[in-house]
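The values are calculated or read from the model by the stated rules, or taken from the named source; none is laboratory data. This is a predicted model, so every value here is computed, not measured. Here the Cβ positions follow ideal geometry from the backbone for every residue, glycine too, while neighbour counts run over all protein chains shown. Each accessible area value is taken on the protein alone, full model and side chains, heavy atoms only, with ligands, DNA and RNA left out. Shrake-Rupley method; radii C 1.70, N 1.55, O 1.52, S 1.80 Å.
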Amino acid sequence: MRPAAPVLSFIAAVGAATALLFSTAASAAPSCEVDRPVRFSGLNWESNLVLAGIERFIVEHGYGCKTAVEIGETLAMLAALQRGDVDITPEVWPGQIEVAWDKAIKSGRVQGVGHVFDAGEGWYIPRYTQERHPELKSAADLARFSELFTDPEEPSKGRIYGCPAGWSCDILNTNLFKALKLEEKYTMFAPGSGAAQKAAIVSAYKRKRDIVFYYWTPTALVGSLDLVKLELPPFDAAAYTCLTDPNCADPVATEFKSNRAVTGMNTDFARAAPQLTEFFTKLTVPGPVIDDTLGWLETEQAEPEEAALYFLRKYPEVWKKWVPEDVATRVQAKL
């Protein structure tokens, strides 16, 4: 027996009202857990700035918070995170700043959550350099090839392009430079910024000039150029810890530590914002996805905020795992 038309109309009306109720609930303006902007560390390299853009978009449109970003170097921003001047550092490499990070964690004012991605570091030469000089395989071999990498400011020595000035990796690279006993043969040149370092590498590569330099992954540059990572002695934890210490008295060469990048959070903020803490704890980006996003940034000569939108639009199956369904609905609506 078919229900009467009025009954069908009533059922349809109830269904429509229910759907509207759920739709309204999903799209309703959320209430942020804190009554001030969520403050992010803007560390000056590509992956961190793209991550900050992704996270700020989700926090603003999914959780209803205002956000702000403070630009600075790694150790300065770690100090700011401990003081509570910033709440979130999107990308912390604990292994690179081992001594300072352990101290911050032990203070109880900072915590590392999640597993953003796996990061790495190394000294690189272009593949065409190694093809010209196949015996150049390790960082220790550099002592015999200083004339290939002439320092234009000190022609009697070679130049290694190290960590940009002020970055925490400067300590590690300087100690490794000493450990390899390259001081008489080379200068360890600190570019004025990450952009200056990248420009010098790309310029040399385009001209097929020999260059040796420090760089890290994941980055668009390492992915887009054909490079060879110079060999170092097998990883030794004690030696590496000393390399990260500015007061290391007797540095010993060792392979760079593979870094499990985490999200740094101010502990008081984490307690005040449990929903946001859950989001940052779940946040993880597969290697191929971050490589593709950074590659797009490089190819399109885009801004980090644009790359953040590229990621959010292309990889909803990744970021929707980080957040509840209602948050994902609000974020998707803004895309």
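Kindly provide the set of residues from segment 157-187 that are under 14 Å from residue 144 (Cα atoms) and not aliphatic (A, V, I, L, M), ordered by number.
Residues satisfying the conditions are 157, 158, 159, 181, 183, 184, 185, 186.
Between a residue in segment 210-224 that is of a type in the set (Lys, Arg) and any residue that is surrounded by fewer than 22 Cβ atoms within 10 Å (Cβ to Cβ), which pairs come within a Cβ distance under 6 Å, given they are 6 or more apart or on different chains?
Listed by first residue and then by second, the contacts come to nothing, as the list is empty.
Given segment 271-335, what helices (runs of 4 or more DSSP H) lie entirely inside it while holding 1 or more residues that are open to solvent by 30 Å² or more (accessible area, probe 1.4 Å) and under 30 Å from residue 31 (Cβ atoms)?
Where helices (runs of 4 or more DSSP H) fall fully within segment 271-335 and carry at least 1 residues being open to solvent by 30 Å² or more (accessible area, probe 1.4 Å) and under 30 Å from residue 31 (Cβ atoms), they are 274-282, 304-314, 316-319, 325-334.
Restricting to segment 118-133, name every residue that is open to solvent by 10 Å² or more (accessible area, probe 1.4 Å) and either at pLDDT 95 or above or in contact with a His (Cβ under 6 Å, 6 or more places away or on another chain) (or both).
124, 127, 128, 130, 131, 132, 133, listed by residue number.
Cβ contacts < 6 Å: first residue among the aliphatic types (A, V, I, L, M), restricted to segment 231-252; second residue buried (at least 18 other Cβ atoms within 10 Å of the Cβ) and at pLDDT below 95, any location; separation 6+ or different chain. Result?
Final answer for the pair search is 243/172.
How many of the residues making up segment 161-199 are outside any strand (DSSP E or B), of a type in the set (Phe, Trp, Tyr) and more than 19 Å from residue 76 (Cα to Cα)?
1
Condition test on residue 210, is it under 19 Å from residue 126 (Cα atoms) and open to solvent by 30 Å² or more (accessible area, probe 1.4 Å)?
Yes: the conditions hold for residue 210.
Just checking, does segment 134-141 include any residue being open to solvent by less than 60 Å² (accessible area, probe 1.4 Å) and in contact with a helix residue (DSSP H, G or I) (Cβ under 7 Å, 6 or more places away or on another chain)?
Within segment 134-141, one or more residues are open to solvent by less than 60 Å² (accessible area, probe 1.4 Å) and in contact with a helix residue (DSSP H, G or I) (Cβ under 7 Å, 6 or more places away or on another chain).
Just to be sure I understand, how many residues within segment 98-134 are under 23 Å from residue 282 (Cα atoms) and among the aliphatic types (A, V, I, L, M)?
Within segment 98-134, residues that are under 23 Å from residue 282 (Cα atoms) and among the aliphatic types (A, V, I, L, M) number 6.
List the number of the failed condition for residue 97; all other conditions in (1) at pLDDT below 95; (2) touching a Phe, Trp or Tyr at 6+ places or on another chain (Cβ under 9 Å); (3) hydrophobic (A, V, I, L, M, F, W, C) hold.
Going through (1) at pLDDT below 95; (2) touching a Phe, Trp or Tyr at 6+ places or on another chain (Cβ under 9 Å); (3) hydrophobic (A, V, I, L, M, F, W, C) one by one, residue 97 breaks only (2).
For segment 128-142, what are the residues that are out of contact with any strand residue (DSSP E or B) (no Cβ under 6 Å at 6 or more places or on another chain) and not in a loop (DSSP other than H, G, I, E, B)?
Selection gives 128, 129, 131, 132, 140, 141, 142.
Under 9 Å by Cβ, and 6 or more places apart or on different chains, what pairs join a residue from segment 38-57 that is on the phi < 0 side of the Ramachandran plot and open to solvent by 10 Å² or more (accessible area, probe 1.4 Å) with one that is of a type in the set (Phe, Trp, Tyr) and modelled with pLDDT under 95?
Matching pairs, first to second residue: 44/167; 45/167; 45/216.
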